[in-house]
Number of protein chains: 2
Amino acid sequence: MSFDAIFTKADMAFGRYKKLHAAAKAELLRTIAKEIEQLGDELLETAHQESNLPLARLTGERGRTINQLRLFASLLEEGSWLEATIDTAIPDRTPIPRPDLRRMLIPLGPVVVFGASNFPLAFSTAGGDTASALAAGCPVIYKEHPAHPKTSQLVYRAIQKALQRCELPEGIFQHVSGGTDVGQQLVQHPQAKAVAFTGSFKGGKAIFDLACQRPVPIPVFAEMGSVNPIFVLPEKTKGNGEQLATQAAQSVLLGVGQFCTCPGLVFYPASEANHTFLETFAEKLRDAPAEKMLHETICSNYYQDLKGLHTHEGVEMILAPAEDVLTGGAALAKTTAQQWLQHPTLQEEVFGPYAMVVTYENQEELEQVAGKLQGQLTCTIWGTDNELKQAEKLVDTLREKCGRLLFSGVPTGVEVSHAMTHGGPFPATTDSRSTSVGTYAIKRFARPFTFQSAPQELLPAELKDDNPDKVWRTINGQLTQDSI
Amino acid sequence: MSFDAIFTKADMAFGRYKKLHAAAKAELLRTIAKEIEQLGDELLETAHQESNLPLARLTGERGRTINQLRLFASLLEEGSWLEATIDTAIPDRTPIPRPDLRRMLIPLGPVVVFGASNFPLAFSTAGGDTASALAAGCPVIYKEHPAHPKTSQLVYRAIQKALQRCELPEGIFQHVSGGTDVGQQLVQHPQAKAVAFTGSFKGGKAIFDLACQRPVPIPVFAEMGSVNPIFVLPEKTKGNGEQLATQAAQSVLLGVGQFCTCPGLVFYPASEANHTFLETFAEKLRDAPAEKMLHETICSNYYQDLKGLHTHEGVEMILAPAEDVLTGGAALAKTTAQQWLQHPTLQEEVFGPYAMVVTYENQEELEQVAGKLQGQLTCTIWGTDNELKQAEKLVDTLREKCGRLLFSGVPTGVEVSHAMTHGGPFPATTDSRSTSVGTYAIKRFARPFTFQSAPQELLPAELKDDNPDKVWRTINGQLTQDSI
């Protein structure tokens, strides 16, 4: 099928889908979840073969994918995400009457979604981008990730079945295979209204540039990863070196370091970066069973990046794994805050089970380092209760640098929930005003629209006088579930 | 002052301003409103001299400017715009506990605001962009419009006074004069976080391109105008030709046609485009007292555009005013839907008191025309009650083309209220997911941010357990004003 045919099919489907009642859209999302569940072990085994990810991890990822679809379904039924807002007419206002104005978010139109290599389920065919775009009322044109085509086909079939069961047009979700050129043509197609992407900086930035250069530019929501620094405060380290190192190592090792939220930088007080912390960190990384990475290119890029660090001025490799074709051995490097400040390249993500410990001399140096950070998905501060309470200045700096700030725990394990932000300032994403995980992700694919003096018959259910679904709306400045 | 010094001052101010309690930000906005009021007649007379706009219009515009500031103040006090969202911890969840997650919108940082020529008060120094950026918690670096420097200085002084009265740093609002090169350098400055602009397509698109090409791209909210088509349905015209023509003419003439929402296109049934309608339209335009335009360049561009229409294939000039240096005489042209479809240039805005009547043969042609429209701020449908109820197909098409759809009245006279959308698909704006009028405008300058497992002491008031300001928040998926 030609690109024109694909987008025309999507536009045709959009005509019907955009006006579907919220409950019907919710039903579609739940049916997709059910159909994915019914793929059973075949899905897990296929994903395992294509991604090398362990079955246990894939089982978790499938659960996440399904829960995500159901979370958006419940969001649609609740309805407040639409920000429905009504200013009633004031016909006798002077000097001029106020007309009846009713605003809500409406879907943008067909969205191009790119699959991610590191999440064959949760960030791919029926992943977070697809779920949030469908929830917003947008048809999806999905560009398969070439690393897991069979997994993608299975999920695609599940979505097709769900569309049939719900008696909805198949143009609501279309599946496209191909290389970079296909992706480019999708982004450049005049009928595409937005793009969602999770992957490398290079890939995301190229898509962003293409989208900006279109005759009609469109928004691109590219999540391009980050190094997710952990800032360890001095008091916290006392007697905790071993425990902190273990916690950091576990987070680095998760998924062979192939998570966007893998903590690649640990700022640690120089005076405490002693044997206990560094040796434990290295030991935990060394002792972990080496696992296969997603594919050979990712693995060879990983070792290539490590080689660069070996010879990097001021960088000491504490743990350097032997190169392999597919197995990603964990690595640990060390440098000082002064070196790190002098070499902006040390901010670049090394995609794999790697971290760099950066030792800092004092509070001032720590704040200097924080100020120089580029945009991140997450930052983490580890401190004693007392240290955290006094960390206002560091917190003030770091909230300008990331989308999520943690005060305990590790950045990996991104919760799919209402309050999550999985985004952050460039280059973590191309649009810091968005998230790709959690219910707020739906806002990426919608825009405000106002009906002025519209007959009741032409209004969407959420803006009609009688509020049949008891949606929360702002009427003349007051949030209410009332009808008018 | 150098650009670096300006932005450093803004960043310093941001450090304090971003953490200010909502009530204190509201107080600042109300104090600015008061100080503008206290400028008294001097402000109106200065604006009149610089813009040629009548005093009555400027009095109205001042009222709008002041009310706008107060509306944002009340929005801040109400607080639901922050979309504060809390997912409480579930420590005993298996397989992994859920951490405490708290999200709200936080300000982007220093925003560059460009003044607009056609609204020396309401879209300039303390206009809607400034008001919404300040409300969001962002410092403003305001680039004065060269057409009304004295007006701008007066308002700047009022804002300075307000900052002093509120004991807030003057870096919260800075005023910069200069030409295009100054604007470019502001947009390109590494510390700028967003840009707001109201003006021509050429100007807005140039800013958008610059912002996309930065090493760290930033969002641009450029409102670049539109032709605001009115679709008149056949039944509605019966016996109403005169009244419809009068209403359209009044809207075209408002502010010498220098409103972004001036209706420049009227689609009218060919069979009814008779003497009554066309003659009345021309007569009302001809009989209006000719008024001065904003400045000579705008006036000469207007007559230049009209000259192009004179010689345009298939276009008949029904009313062609004599050229003048500063006075903008009203103009009326006529063409057919077929001609209009063949010449995409006829979609371009002619900035001034001008409209084109496009006659259509039947419903099918009308829908064809609607489908070919580029992005608009507004579209308007005039029909009988019966016609409107049956206009679903046209409505479905037009909602993809604009930010506001009217079913009665005229697009000029944009209400500043909660439910307004003054935005729309490109080229009406560079970001259809935004509005530059109404309270939703605040969302342009904020981004979601999540605190994970944060101590109460470090949380903003709106995310603390006890909800001191009774802000509406979504707690575990439920909207509530409760504390935790």
Compute the FRET efficiency between B:N476 and B:E313 as 1/(1 + (r/R0)^6), taking r as their Cβ-Cβ distance and R0 = 60 Å, and round to the nearest 0.05. 0.40
Can you compute the modelled spin-label distance between A:E77 and A:E279, with each label point 7 Å from Cα toward Cβ, in nm? 5.7 nm
Charges on Cβ only, +1 for Lys and Arg, -1 for Asp and Glu, centred on the Cα centroid of region B:230-406; of B:N386, B:T311, B:M356, which one is farthest towards the dipole's positive end? B:N386
Output the Kirkwood hydrodynamic radius of region B:79-147, Cα pairs only, in Å rounded to one decimal. 14.8 Å
Could you pull the copy-to-copy label distances for A:P95, with points set 7 Å along Cα to Cβ, in nm to one decimal and sorted shortest first? 6.9
Taking the label point 7 Å from Cα along the Cα-Cβ vector, the copy-to-copy distances for B:Q164, listed from shortest in nm with one decimal, are 7.6
Just order B:176-186, B:398-408 by mean Cβ neighbour count inside 10 Å, highest at the front, would you? B:398-408, B:176-186
Gain in span if fully extended, B:R16 to B:A290, counting 0.36 nm per residue against the direct Cα distance: 93.6 nm
Hydrodynamic radius by Kirkwood for region B:1-80, inverse mean 1/r across distinct Cα pairs, in Å, is 14.7 Å
Where the label is 7 Å out from Cα toward Cβ, how close does A:L55 come to the same position in every other copy, in nm, shortest first? 8.7
Around B:A331, with a cut-off of 13 angstrom between Cβ atoms, what is the net charge of the other residues, counting Lys and Arg +1 and Asp and Glu -1? 0
In chain B, which residue puts its Cβ closest to the axis that turns chain B onto chain A, and how many whole Å away is it? B:C212, 2
For region A:277-316, shape from the Cα gyration tensor axes a ≥ b ≥ c, cut at a/c of 1.5 then a/b versus b/c, turns out oblate
Which whole number gives the average, over all residues in A:419-428, of C-beta atoms from other chains lying within 10 Å of the residue C-beta? 6
Could you order A:F451, B:F197 so the one with the most accessible surface comes first? Probe is 1.4 Å. B:F197, A:F451
How do B:370-382, B:414-426, A:14-26 rank on mean C-beta neighbours within 10 Å, highest first? B:414-426, B:370-382, A:14-26
Per-residue average of Cβ from other chains inside 10 Å of B:205-215: 2
Cα centre as origin, Lys/Arg/Asp/Glu Cβ charges: the protein assembly as shown dipole, Debye: 380 debye
Rounded to the nearest 20 debye, dipole of chain A from Cβ charges on Lys, Arg, Asp, Glu: 1320 debye
What do the square roots of 5 times the Cα gyration tensor eigenvalues come to for region A:230-406, in whole Å, largest first, as semi-axes of the equivalent ellipsoid? 26, 17, 15
Cross-link reach list, lysines versus B:K292, counting only Cα pairs under 23 Å and skipping chain neighbours closer than eight places: B:K150, B:K284, B:K307
Lys, Arg +1 and Asp, Glu -1 on Cβ, resulting dipole of region A:1-134 about Cα centre, debye, nearest 20: 440 debye
Starting from the 7 Å offset along Cα-to-Cβ, what nm value, one decimal, do you get for the label separation of A:S177 and A:Q342? 5.2 nm
The correct pair for region A:156-308, radius of gyration to one decimal and Dmax as a whole number, both in Å and from Cα atoms, is 21.9, 66
Relative frequency of Cα-Cα separations exceeding 36 Å in chain B, percent: 36 percent
Based on the Cβ-Cβ distance from B:Q250 to B:T327, what FRET efficiency comes out when R0 is 22 Å, to the nearest 0.05? 0.70
Report P(r) for region B:320-474: all Cα-Cα distances, bin width 5 Å, range 0 to the bin holding the largest distance, values in whole percent. 2, 7, 12, 14, 15, 13, 10, 7, 5, 4, 4, 4, 2, 1, 0
Could you check the simple spin-label distance between A:D385 and B:S483, using points 7 Å along Cα→Cβ, in nm with one decimal? 1.9 nm
Could you check what % of the DSSP bridge pairs in the protein assembly as shown are antiparallel, to the nearest 5? 35 percent
Cα-based Rg of region A:146-218 per 2.2 N^0.38 Å, rounded to two decimals? 1.28
Average partner coverage of B:103-109, which counts Cβ from other chains inside 10 Å: 4
Kindly rank A:296-304, B:135-143 from highest to lowest mean number of other beta carbons found within 10 Å of each residue. B:135-143, A:296-304
Principal axis extents for the protein assembly as shown, Cα atoms only, whole Å, descending order, please. 92, 64, 50
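The values are calculated or read from the model by the stated rules, or taken from the named source; none is laboratory data. Quick caveat, the model's predicted, so the values are computed rather than measured. Positions of Cβ are backbone-derived with ideal geometry, glycine not excepted, and every protein chain shown enters the neighbour counts. The accessibility values were calculated without ligands, DNA or RNA, using every heavy atom of the protein model including side chains. Shrake-Rupley method; radii C 1.70, N 1.55, O 1.52, S 1.80 Å.
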